[in-house]
Each structure stands twice: as structure tokens, then as C-alpha cells.
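The values are calculated or read from the model by the stated rules, or taken from the named source; none is laboratory data. Everything quoted here is computed from the prediction, not taken from an experiment. Cβ: placed from backbone, ideal geometry, glycine included. Neighbour counts: every protein chain shown. To get the accessible areas, we keep the full protein, side chains included, count just its heavy atoms, and leave off ligands, DNA and RNA. Shrake-Rupley method; radii C 1.70, N 1.55, O 1.52, S 1.80 Å.
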Amino acid sequence: MISEADELRRDLFLRDDLEAGDVVSAHREALRVLRDSIETAHVDAYSDIAWPREVVAAYEHALSMAENQVAEGVRSAKGDPGMGIDVAVRDDTQFDVFLSLAPFTIHAEAWRQGREIFSASDTGTALWIAVTSQQEVQLVSRLGALGVPQTAFTTQPRRRRRLFAR
């Protein structure tokens, strides 16, 4: 049997034409499927929009996590308190913070064996994951159960929108 560490992963990208609720579900279900694979994770407590009311408590908890990391000496007191907050994904409370903020943050990431496997950015508009074939099946099933289109993810990165006309 091939261990997950040796198993090939497939890059999946969130399509950019989904309903807002489906985007949130896609972020959260991707994290739930990847949770057992994640060794390290970080989230920024910043968003380009106002934090939705239902995630304000998670935002405040993230800032508290950053303060605790400073007190423990694992984070510099001089650094930006909202950037790169470490998340202990085995801790249910911290993982819930990660689940809550990931769809709305300017950046969240998760790593396994030195390889990034989850990257959310641009306040929910960009999501990339690297999944095993088993994780992909689980993700599609979980999203389907929530009514999210099975085509929510694609193997092609989304095209960057040009901000300025030439």
C-alpha cells in the first residue's frame, strides 16, 4: 500500500463563477477533507471586506491566538499581529477558527512535509488545493451533500483578470 506521503496529489482550483455560499462551503469542506494531512497552517486575520457577523468571534479568537503566541515566545512582538497566525489544526477550537476565516481572509495556507496543500487568498476569490484521489472523492461527495455543484473545482487555474486595459 502506498502511504499518503508518497501518493500523487492533484491540483484543484476553485471556479470563479460560484455562488457566495458555495465558495464558503468549498473552502470549509476542502479543509475538513485535508485536515488529517495538514502538519502546519497559518491564517491572516485580515479581509478585503468587513468580516461577516458569523465569523467575528473567530476573528477575535485568531487575534487572541496571535497574542498567546507572542507571550509563548513563538511569535515576535514586533511583527504584524494579524499576519501569519499559526493554527494548531489538531486543536478543534483553532481548527474552527481556520474554517471560519479561510473563506474571507486575504491569505490562509496549510502544509504537509514541506509542500503546500491548501492556499486560500483574495478574500475568498482564490482557492487552490492539492488532494489525493481519495480526498478528491470525499470532497466531491461532501460538496454534493451540501448542494454545491460537482464542478466547483477544476484542474485549470483561473485566468487572472486584467485590471487595466492596454
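Of the residues making up the stretch 75-115, those that are at positive phi and either among the hydrophobic types (A, V, I, L, M, F, W, C) or over 15 Å from the mean Cα position of the chain (by Cα) (or both) are Gln113, Gly114.
Look through Glu39, Glu4 and report the one residue that is modelled with pLDDT under 95 and over 20 Å from Thr125 (Cβ atoms). Criteria check complete, one pass: Glu4.
Of the strands (runs of 3 or more DSSP E) lying entirely inside the stretch 1-96, the ones with 2 or more residues being open to solvent by less than 20 Å² (accessible area, probe 1.4 Å) and closer than 23 Å to Ser141 by Cβ are found at 10-14.
Tell me whether the stretch 149-164 contains one or more residues that are surrounded by 15 or more Cβ atoms within 10 Å (Cβ to Cβ) and within 18 Å of Glu39 (Cβ to Cβ). Checked against the condition, which is being surrounded by 15 or more Cβ atoms within 10 Å (Cβ to Cβ) and within 18 Å of Glu39 (Cβ to Cβ), the stretch 149-164 yields no hits at all. Taken together, the residues in the stretch 82-139 that are touching a Gly at 6+ places or on another chain (Cβ under 8 Å) and charged (D, E, K, R) amount to 0. How many residues does the stretch 97-118 hold that are in contact with a helix residue (DSSP H, G or I) (Cβ under 7 Å, 6 or more places away or on another chain) and either closer than 22 Å to Val23 by Cβ or not in a strand (DSSP E or B) (or both)? Of the residues in the stretch 97-118, 12 are in contact with a helix residue (DSSP H, G or I) (Cβ under 7 Å, 6 or more places away or on another chain) and either closer than 22 Å to Val23 by Cβ or not in a strand (DSSP E or B) (or both).
Taking each residue of the stretch 55-71 that is closer than 12 Å to Gly84 by Cβ and looking for partners that are of a type outside the set (A, V, I, L, M, F, W, C) and surrounded by 18 or more Cβ atoms within 10 Å (Cβ to Cβ) with beta-carbon atoms closer than 8 Å, six or more apart or interchain, yields Met65/Gln94; Ala66/Arg75; Gln69/Arg75.
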